[in-house]
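Here the structure comes first, spelled out in structure tokens, and everything after it is commentary.
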Amino acid sequence: MAMPDLTAQKLSQLGITSPEAVAGCFAQVQRAFDDQAARHCLDSGDWRAFVIKWTGRKSGVLSQITDNWLKPASPELKRVVGQELNKLKTHVESVLAERETAIKAAAEQSAAARDKIDLSLPGIERAIGTRHLIRQTFDELQRIFLSIGFSVVEGPEIETPYYNFEALNIPEHHPARDNMDTFYIEGTRAPYLLRTHTSPMQIRTMEKQPPPVRIIVPGKVYRRDNPDSTHGYMFHQIEGLAVDTDITFCDFKGTVEYFVREFLGPKVKTRLRPSFFPFTEPSAEVDATCHVCGGTGCRVCKQSGWIELFGAGMVNPAVYGFVNYDPERLSGFAFGMGVDRLAMMKYGVPEVPLLFQNDVRFLRQFP
Ligand code: PHE
């Protein structure tokens, strides 16, 4: 007899009267269960229905047996029906639990297989980029000066006119301010401006520390220039300052020559040309033999054989007065170089805008 029919009827209706016959009925039910359990093993949707069919409270097979076989059983058979039912229940429950564990494990396994990282796949390559040419040049300049005993200090890009001009011996209305006309910052009580050079750090450093001083100052500076192929409104400088009790013009010249040879190569010659800065006396422009023609004259050096590198000079004793240094006892030299200019010269970059357009075709040339 098929399952629902068998358990839908009472034992008396089935003609079961002996304990052996009861056991036979239960054996038949258990075989049917085992049979179905084997077929329903892996599809979990189907599995749910199967579980409910057997253990569902209302019309599950086990409930049916309780209602139809156990409850109405004759007193002689009640005990054996109860025992057989308990055995069947235990069997059903343990098989279901076992199968459920197997189903879950299989599902987990296939999920894990899906998530597994395939180490043989080609990786995602992320370009790490390079240091910008200006940064590279800064590093190179710093390396040279650090190797001869200078240390690096940095200062504010927003300055007061006092540090940018007055303390550097550039009084108001002095013509030396003309080429440094700059950006003033509005809306502040005291006047502020974007520094036009890194020289204010000469003053700030000497104010803070007693001599000797040997510093370089890398940083950004700003001037109200109209951008074109040789100008921007911002560029980079490295300032240098050395002050001690016995620094001479020879030290100045030797340091400058050493620097130029380190930076541009041993064949390059230097010369000092008289110049003027209010905070140095005497002042000089440092020139180097043209890196393109080697000094014979070409278009780049305008046939002169020389290229102007940077401004420099012996510290004007008037400056010491602003920082309480003794001008009788101390002497020193200072220089201020345009880093962009030096980079362009050394690496043959023809135009300033190339440095700031962030075009990777340009940047990649300086790995
Ligand atoms: N500060 C000057 C400039 O920007 C350069 C300079 C620095 C000259 C130090 C002499 C000494 O033009």
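Assorted remarks:
- Taking (1) surrounded by 14 or more Cβ atoms within 10 Å (Cβ to Cβ); (2) in contact (Cβ under 8 Å) with a residue 60 or more places away in the chain; (3) over 31 Å from the mean Cα position of the chain (by Cα) in turn, Ala106 satisfies each apart from (1).
- Selection within the range 281-307 - more than 11 Å from the ligand (Cβ to nearest atom), modelled with pLDDT of 90 or more and under 13 Å from Val268 (Cα atoms): Asp287, Ala288, Thr289, Thr296, Gly305, Trp306
- Taken over the range 331-351, the criterion of being more than 16 Å from the ligand (Cβ to nearest atom) and either assigned to a helix (DSSP H, G or I) or surrounded by 17 or more Cβ atoms within 10 Å (Cβ to Cβ) (or both) is satisfied by Ala343, Met344, Met345, Lys346, Tyr347, Val349.
- Of all the numbered requirements in (1) surrounded by 15 or more Cβ atoms within 10 Å (Cβ to Cβ); (2) in a strand (DSSP E or B), Arg273 misses one, and that requirement is (1).
- Residues that are of a type in the set (D, E, K, R) and open to solvent by 90 Å² or more (accessible area, probe 1.4 Å), drawn from the range 79-103: Arg79, Lys87, Glu93, Glu98
- Strands (runs of 3 or more DSSP E) wholly inside the range 173-256 that include at least 3 residues being open to solvent by less than 20 Å² (accessible area, probe 1.4 Å): 213-222, 234-244
- Hits in the range 145-160 - residues which are under 27 Å from Glu172 (Cα atoms) and of a type outside the set (Val, Ile, Thr): Glu154, Gly155, Pro156, Glu157, Glu159
- Cβ pairs under 8 Å, 6+ apart, first in the range 283-297 and under 30 Å from Asn169 (Cβ atoms), second within 14 Å of the ligand (Cβ to nearest atom) and among the aromatic types (Phe, Trp, Tyr): Ser283/Phe276; Ser283/Phe277; Glu285/Phe310; Val286/Phe310; Val286/Phe335
- Restricting the first member to the range 305-332 and to residues that are over 30 Å from His291 (Cβ atoms), and the second to residues that are away from the ligand (no atom under 16 Å from the Cβ) and of a type in the set (Val, Ile, Thr), the beta-carbon pairs closer than 8 Å and six or more apart or on different chains are Arg329/Thr245; Leu330/Thr245; Ser331/Thr245; Ser331/Thr248.
- Members of the range 129-153 that are away from the ligand (no atom under 16 Å from the Cβ) and part of a loop (DSSP other than H, G, I, E, B): Gly129, Thr130, Arg131, His132, Ser147, Ile148, Gly149
The values are calculated or read from the model by the stated rules, or taken from the named source; none is laboratory data. This structure is a prediction, so every number in the text was calculated from the model and none was measured. Note: ideal-geometry Cβ built from the backbone for every residue, glycine included; neighbour counts use all protein chains shown. Side chains included, ligands, DNA and RNA excluded: accessible areas come from the protein's heavy atoms. Shrake-Rupley method; radii C 1.70, N 1.55, O 1.52, S 1.80 Å.
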